[in-house]
Amino acid sequence: MNKQYRPIIIWLIIICIMVFLMVMIGGITRLTDSGLSIVNWRPLMGSIPPLNETQWLEVFNSYKAFPEYQKINAGMSLSEFKQIFFWEYFHRLFGRLIGMVFFFPYLYFFLKKKLDKKLNLKLLVAFILGGSQGLLGWYMVKSGLVDRPDVSHFRLAAHLGLAFLIIGYISWIIFGLIQTEKMQLTRKPKIYKIIMIFLGLLSFQIIYGAFVAGLDAGIGYNTFPKMGRSWIPNVLFTYPSLIKDLLENNATVQFIHRIGGWSILLFSFVFIYLKKKLTNPFQRKSLTLLTGMIHLQFILGVVTIILSVPLHVALLHQLGACILLILTVNAMRKFKPIE
């Protein structure tokens, strides 16, 4: 590791961990149906929670004017409202904290001329992505404040997908700064391309995982390896439009997510085969870690389905997806020449 970049690397690792935690908090917010408890978006003043009974009643009354209360939570008490308010408020507050933890150290490194032009440009892109995430989060929440008391699973997938993109992008920067000539990595373009294909498949799987979460498609067909009594249930592809079926039919969405899981598992055996041909210990280790995490993530997915998506297991499955993405980025770095 270049000593010159050590403070920057530590800072970026902290940011990556915080975004990692943000994804977990977002998962809890989603799984506890807390995401629509705050019905307005105030980027600055919204960091101050209700401080007395009058303010709490004002916020609660605002919530009552929207479909989720009227159609699902009618009769909810103020104390019950405070529980769902907490997770959405904490989710937004933590997002603001990430912004500050990124901006002020960045400003320091920039003013102290610790950043070369290339690294500075990469960090500016990361900052733009982070800012866009806040806007996209509110765009997602707005979809649940109209007629249907639930957020659009398309917007949820976009919001989650961008979070994973940020984690992957910052990880790419970190591994690039950590990587040194001492590793003596040799270019392996074919393996690099294979990992890139795997990254595409993993990205697709993450998006469909968001569809499963947004549609509550994991609740139903809680058997494995079959879906109910069939490998291919007869309710698949029953919508008039194929596109609508692929994107909105709960059974089809779960089926595709399962196929994605099997496909990723098969990739692990490709990596095992490729590892046998390698001599570089850093490259071998990167594929070993990636393969092990694929197997663990597959098991977590199966358990999540069989147990009908309990909160703690679903969060572990989401956590596994984050780790799997980071290990994929790490493997990509190990087979790409040092910049």
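The values are calculated or read from the model by the stated rules, or taken from the named source; none is laboratory data. Note that this is a predicted model, so its numbers are computed, not measured. For neighbour counting, all protein chains shown are included, and Cβ atoms are generated from backbone atoms with ideal geometry for every residue, glycine included.
Structure notes:
- Within region 24-59, the set of residues being closer than 27 Å to LEU160 by Cα and without any contact (Cβ under 8 Å) to a residue 24 or more places away in the chain comprises ASN40, ARG42, LEU44, MET45, ILE48.
- Close pairs from region 7-21: first without any contact (Cβ under 8 Å) to a residue 24 or more places away in the chain, partner of a type in the set (D, E, K, R) and outside any helix (DSSP H, G or I), Cβ under 6 Å, at least 6 apart: none
- Listed by first and then second residue, the pairs linking a residue in region 244-262 that is farther than 19 Å from LEU300 by Cβ to a residue that is surrounded by fewer than 19 Cβ atoms within 10 Å (Cβ to Cβ) and among the charged types (D, E, K, R), with Cβ atoms under 6 Å apart and 6 or more places separating them unless they lie on different chains, are THR252/ASP245.
- Some residue of region 62-77 being modelled with pLDDT of 90 or more and either closer than 30 Å to TYR108 by Cα or not aliphatic (A, V, I, L, M) (or both): no
- Taken over region 25-65, the criterion of being of a type in the set (Val, Ile, Thr) and closer than 23 Å to SER132 by Cα is satisfied by ILE25, ILE28, THR29, ILE38, VAL39, ILE48.
- Residues satisfying the stated conditions in region 137-179, i.e. of a type in the set (S, T, N, Q), modelled with pLDDT under 95 and under 25 Å from PHE204 (Cβ atoms): SER143, SER152
Here's the yes/no breakdown for (1) in the same structural domain as ARG96 (by TED's automatic domain parsing); (2) part of a helix (DSSP H, G or I); (3) aliphatic (A, V, I, L, M):
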{"residue": "VAL125", "(1), (2), (3)": "yes, yes, yes"}
{"residue": "LEU129", "(1), (2), (3)": "yes, yes, yes"}
{"residue": "MET140", "(1), (2), (3)": "yes, yes, yes"}
{"residue": "LEU145", "(1), (2), (3)": "yes, no, yes"}
{"residue": "LEU162", "(1), (2), (3)": "yes, yes, yes"}
{"residue": "TYR169", "(1), (2), (3)": "yes, yes, no"}
{"residue": "ILE194", "(1), (2), (3)": "no, yes, yes"}
{"residue": "ILE197", "(1), (2), (3)": "no, yes, yes"}
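- Some residue of region 217-236 being closer than 20 Å to MET140 by Cβ, modelled with pLDDT under 90 and crowded, with 17+ Cβ neighbours inside 10 Å: yes
- If only residues of region 134-157 that are aliphatic (A, V, I, L, M) and surrounded by 16 or more Cβ atoms within 10 Å (Cβ to Cβ) are counted, the one that is farthest from the chain's Cα centre (by Cα) is LEU145.
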